[in-house]
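Asks: Can you read through this structure? Questions will come right after.
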Amino acid sequence: MISNSVAAPLDPAVTLPTSPAPAPVANESPAGQAGAGRDNTLVRIETRRLTALFGRNVAVREVSLFFPTNTVTAIIGPSGCGKSTFLRCLNRMHELSEGGWATGSVLLDGEDIYSGTLDPVSVRRRIGMVFQRPTPFPTMSIYDNVAAGLRVAGTRRADLDQIVERALRQAALWDEVKDRLRSSAIALSGGQQQRLCIARAVAPAPEVLLLDEPTASLDPAGTQRIEELCHELKRQYTIVIVTHNMQQAARVSDYTAFFYLGELIEIDRTTQLFTKPAKEQTEAYLTGRFG
Ligand code: ADP
Ligand code: MG
């Protein structure tokens with residue numbers, strides 16, 4: 001259980017009116033995932049009754065789902081429905097937000113990332129993240145942006161060149177930057193900067209990549225590069241991508257989860273969810289009746 005993974009800003013005497021006592025449910029799977037991929041070797045990451053809060057406000061409520069290895073799962077839903085907060089719980093970033101805390105559990109390869117045995121820094125290395133706007137370190141060179149996390153982790157100097165090259169190749173950026181590795185990262189275009197951030201995220205060889213609206217600030221060409229990259233990268237990683245763009249979800253993902261008002265309404269194979277959603281709310285959202 002996550003409970004109080006950070007010093008919770010709550011008075012311990014205060015009980016949340018919105019969270020009912022959890023019923024003892026084991027391996028509860030949402031519609032669309034019952035049976036599918038339940039073989040543990042296929043599940044890379046799983047949440048069980050994950051609830052995320054800001055102070056006393058619930059942003060994500062009781063979400064149980066899993067992400068099969070080497071797949072892309074898209075998370076869709078209207079603005080403010082908890083997509084980013086949910087994503088940030090998956091690598092312990094949420095607790096870094098003011099007032100952020102969570103209950104329930106997140107299992108990476110079957111191990112609870114919120115248990116005392118895993119430290120958050122190593123969790124974030126195993127579960128890389130890329131944000132809405134490209135966030136290269138502005139004063140660093142292209143090379144140093146990719147190498148930054150590796151240096152902190154104590155990677156040997158002799159290995160750095162090779163790892164940086166591999167990461168830039170994986171991010172489909174190597175050919176464009178190989179002759180100017182020492183120049184500033186902010187001279188790159190927005191699309192290149194975002195691929196640089198992907199290179200930085202994959203450099204420590206994570207298992208999971210979390211992408212939070214990674215194309216929101218990119219032009220169509222930059223967007224297409226990132227979408228193509230998702231197809232490439234899923235051969236090595238398990239990818240979770242938040243997008244408010246339904247066409248993008250349909251193009252890049254194997255599974256799609258629809259969130260609404262902090263709750264998981266439905267998750268299913270993308271083709272199924274887009275053509276025959278099980279829930280009325282999903283149908284209403286997909287047909288543009290709200291959001
Ligand atoms: P989405 O990514 O789907 O747009 P978010 O996860 O950002 O939604 O937000 C979910 C809910 O949490 C919203 O009601 C939002 O107002 C609230 N929220 C998001 N970030 C914060 C924060 N730093 N402090 C307090 N509330 C927040
Ligand atoms: Mg968001």
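Asks: Could you list, in sequence order, the residues of the range 221-254 that are under 19 Å from L42 (Cα atoms) and more than 16 Å from ligand 2 (Cβ to nearest atom)?
Replies: C230, H231, E232, L233, K234, R235, Q236, Y237, T238, I239, S253, D254
Asks: Evaluate the range 97-108: report whether one residue or more is free of Cβ contacts under 8 Å to residues at least 40 places away in the same chain and among the hydrophobic types (A, V, I, L, M, F, W, C).
Replies: Residues of the range 97-108 that are free of Cβ contacts under 8 Å to residues at least 40 places away in the same chain, as a first pass: none.
No, that holds for no residue.
Asks: What's the number of the condition R225 fails, among (1) more than 28 Å from T287 (Cβ to Cβ); (2) under 15 Å from the mean Cα position of the chain (by Cα); (3) modelled with pLDDT under 95?
Replies: If we test R225 against (1) more than 28 Å from T287 (Cβ to Cβ); (2) under 15 Å from the mean Cα position of the chain (by Cα); (3) modelled with pLDDT under 95, just (2) comes out false.
Asks: Scan the range 162-170 and tell me whether some residue there is more than 28 Å from S253 (Cα to Cα) and more than 16 Å from ligand 2 (Cβ to nearest atom).
Replies: Step one: list which residues in the range 162-170 are more than 28 Å from S253 (Cα to Cα), which gives 162.
Right, trim to more than 16 Å from ligand 2 (Cβ to nearest atom) and you get 162.
Checked the range 162-170: at least one residue is more than 28 Å from S253 (Cα to Cα) and more than 16 Å from ligand 2 (Cβ to nearest atom).
Asks: I would also like to ask the following. Looking for whichever is within 20 Å of T243 (Cα to Cα), at pLDDT 95 or above and buried (at least 22 other Cβ atoms within 10 Å of the Cβ) here; the options are I113, I127. Which one fits?
Replies: Values: I113 fails: within 20 Å of T243 (Cα to Cα).
The unique qualifying residue is I127.
Asks: Could you check the range 146-200 and list, in sequence order, the residues that are outside any helix (DSSP H, G or I), in contact with a Ser or Thr (Cβ under 8 Å, 6 or more places away or on another chain) and not small (G, A, S)?
Replies: Of everything in the range 146-200, those that are outside any helix (DSSP H, G or I), in contact with a Ser or Thr (Cβ under 8 Å, 6 or more places away or on another chain) and not small (G, A, S) turn out to be L181, R182.
Asks: More than 22 Å from I241 (Cα to Cα) and surrounded by fewer than 15 Cβ atoms within 10 Å (Cβ to Cβ), is that true of T103?
Replies: On the way: more than 22 Å from I241 (Cα to Cα): yes; surrounded by fewer than 15 Cβ atoms within 10 Å (Cβ to Cβ): no.
So T103 fails the test.
Asks: In the range 240-265, what residues are surrounded by fewer than 24 Cβ atoms within 10 Å (Cβ to Cβ), away from ligand 1 (no atom under 15 Å from the Cβ) and outside any helix (DSSP H, G or I)?
Replies: D254
Asks: Could you check the range 66-91 and list, in sequence order, the residues that are surrounded by fewer than 23 Cβ atoms within 10 Å (Cβ to Cβ), of a type outside the set (S, T, Y) and more than 16 Å from ligand 2 (Cβ to nearest atom)?
Replies: Across the range 66-91, the qualifying residues are P68, N70.
Asks: Given the criterion surrounded by fewer than 21 Cβ atoms within 10 Å (Cβ to Cβ), modelled with pLDDT of 95 or more and within 12 Å of ligand 1 (Cβ to nearest atom), identify the matching residue among E95, E62. Steps first, please.
Replies: Values: E62 fails: within 12 Å of ligand 1 (Cβ to nearest atom).
Going through E95, E62 in turn, the sole match is E95.
Asks: Does L118 satisfy the criteria of being of a type in the set (A, V, I, L, M, F, W, C) and outside any helix (DSSP H, G or I)?
Replies: On the way: of a type in the set (A, V, I, L, M, F, W, C): yes; outside any helix (DSSP H, G or I): yes.
Taking the combined requirement at face value, the residue satisfies it.
Asks: Looking at (1) away from ligand 2 (no atom under 16 Å from the Cβ); (2) of a type in the set (A, V, I, L, M, F, W, C); (3) modelled with pLDDT of 95 or more; (4) closer than 30 Å to R157 by Cβ, which is the one condition that is false for L118?
Replies: The one condition L118 does not meet is (3).
The values are calculated or read from the model by the stated rules, or taken from the named source; none is laboratory data. This is a predicted model, so every value here is computed, not measured. Methodologically, a virtual Cβ is constructed for each residue, glycine included, from the backbone with ideal geometry; neighbour enumeration extends over all protein chains shown.
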